[in-house]
Every structure is written in C-alpha cells, then in structure tokens.
Amino acid sequence: MSITMSCSNLFSEGVPTHVVSPLSKSCIVEIRRCVDAEAKDPLILDAGIMLSGRRILVAESDYYSAMELCFSLHEVGAIIIGPASSEDAALDLLLPGQVDLVVFNAWLRDQRVTLLAECLRRLRVPSVMVNDRLLSSSDPLCQGRPQMLHPLTHDRFQRVVANLLPA
C-alpha cells in the first residue's frame with residue numbers, strides 16, 4: 001500500500017508528486033503533474049536510500065573500472081568489500097556470507113568467472129555483471145542477473161543495483 005501526498009498540501013502546481021511506499025521503504029517518484037494527470041511508471045528517486053549500509057562486493061580486475069564502480073557505490077553510502085581482482089579473491093570475500101550483493105566482470109584476469117557465478121546462484125546472492133563487451137543472453141553467466149556495459153552512468157548503475165536488493 002502506498003501513501004500519496006497531496007499536491008495541494010505540499011507542492012506548487014507543476015512539481016512532481018512523491019509517493020512513499022512503506023513496504024519497500026523507498027521513495028518513488030510518480031511523474032505526474034498536480035492537475036489530476038495519470039501517473040506514469042514509477043522510478044526510484046534516491047538509490048542511496050536502498051544502498052546505504054549495504055555490503056557490496058566488487059570483483060573487477062581493471063583498476064580504473066574497479067575504482068569507478070567502488071566510487072559510484074560509495075557515493076550512495078554502500079559499504080564496499082574489495083575490490084577483488086581475481087575469482088579466487090572474490091570467492092574468499094564472498095564465502096564468509098556477509099555480502100548483500102556482488103558486482104562483477106565476467107572476465108577477471110582473462111579468466112571467465114564461472115565458479116563465482118555458480119556460488120552466487122547457490123547462495124542466492126543478487127548480482128550484476130558489468131562487462132567491457134556484451135555477452136549473449138543465452139550465456140549461463142547472464143541467467144538471472146542484469147548485464148551492464150562500460151562506460152556506466154552512475155545514476156543508472158546505482159538504480160540497477162538498488163533494484164536488485166530486497167527492501
């Protein structure tokens with residue numbers, strides 16, 4: 001159940017209304033004018049609400065890409081684990097079980113991360129791939145997880161990550 005705040009009480013005409021969903025504890029913006037227009041698709045207003053304090057493992061072997069991912073997640077309050085530059089290092093950080101989500105590249109140090117992907121599936125840890133090249137949707141690494149490509153836009157990346165986490 002959502003609680004819609006009345007435009008007449010809180011906003012001047014022409015400003016989008018806000019809906020707070022107590023079930024997901026996230027703010028959602030309905031792109032709607034305060035003239036009884038129909039609501040459009042809701043978007044997450046602030047990924048920081050969903051990511052603040054979440055423990056996110058970053059597995060990326062390219063230094064600059066790893067720093068970009070870490071910076072983007074840190075910017076919205078996530079706790080960064082890693083970055084791990086190899087599959088073995090990522091597994092060492094994942095297996096103690098204190099990871100909320102994993103962001104990984106399909107290729108770490110020129111090796112495909114099949115074992116990491118399988119562990120994520122078995123442990124039911126949400127994950128997103130951020131690659132340099134697009135993998136086919138039929139690729140086993142793509143099953144059950146979104147795939148993004150470098151270069152990233154920070155706000156879109158943050159929204160995708162936030163949408164993967166349970167409220």
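Figures for the structure shown
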| read-out | value |
| --- | --- |
| Checklist (1) surrounded by 13 or more Cβ atoms within 10 Å (Cβ to Cβ); (2) modelled with pLDDT of 90 or more applied to Ile28, failing item | (2) |
| Condition met for Phe104 (loosely packed, with under 14 Cβ neighbours inside 10 Å and either in contact (Cβ under 8 Å) with a residue 24 or more places away in the chain or over 24 Å from Pro166 (Cβ atoms) (or both)) | no |
| Val99 being open to solvent by less than 50 Å² (accessible area, probe 1.4 Å), farther than 13 Å from Ala59 by Cα and at pLDDT 95 or above | no |
| Options Ala162, Ala90, Ala167: the member that is at pLDDT below 95, in a helix (DSSP H, G or I) and of a type in the set (Gly, Ala, Ser) | Ala162 |
| Where a residue in the range 151-167 is touching a residue at least 60 places away in the same chain (Cβ under 8 Å) and its partner, wherever it lies, is open to solvent by 80 Å² or more (accessible area, probe 1.4 Å) and of a type outside the set (A, V, I, L, M, F, W, C), with Cβ under 9 Å and at least six apart | His154/Glu75; Gln158/Glu75; Ala167/Lys25 |
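Residues checked against (1) loosely packed, with under 15 Cβ neighbours inside 10 Å; (2) under 19 Å from Leu152 (Cβ atoms):
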{"position": "Glu68", "(1), (2)": "no, yes"}
{"position": "Ser72", "(1), (2)": "no, yes"}
{"position": "Glu75", "(1), (2)": "yes, yes"}
{"position": "Gly82", "(1), (2)": "no, yes"}
{"position": "Asp110", "(1), (2)": "yes, no"}
{"position": "Leu116", "(1), (2)": "no, no"}
{"position": "Met129", "(1), (2)": "no, yes"}
{"position": "Leu135", "(1), (2)": "no, yes"}
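The values are calculated or read from the model by the stated rules, or taken from the named source; none is laboratory data. Given the structure is predicted, the values throughout are model-derived calculations rather than measurements. For neighbour counting, all protein chains shown are included, and Cβ atoms are generated from backbone atoms with ideal geometry for every residue, glycine included. Note: accessible area is taken over every heavy atom of the protein model, side chains too, but ligands, DNA and RNA are not part of it. Shrake-Rupley method; radii C 1.70, N 1.55, O 1.52, S 1.80 Å.
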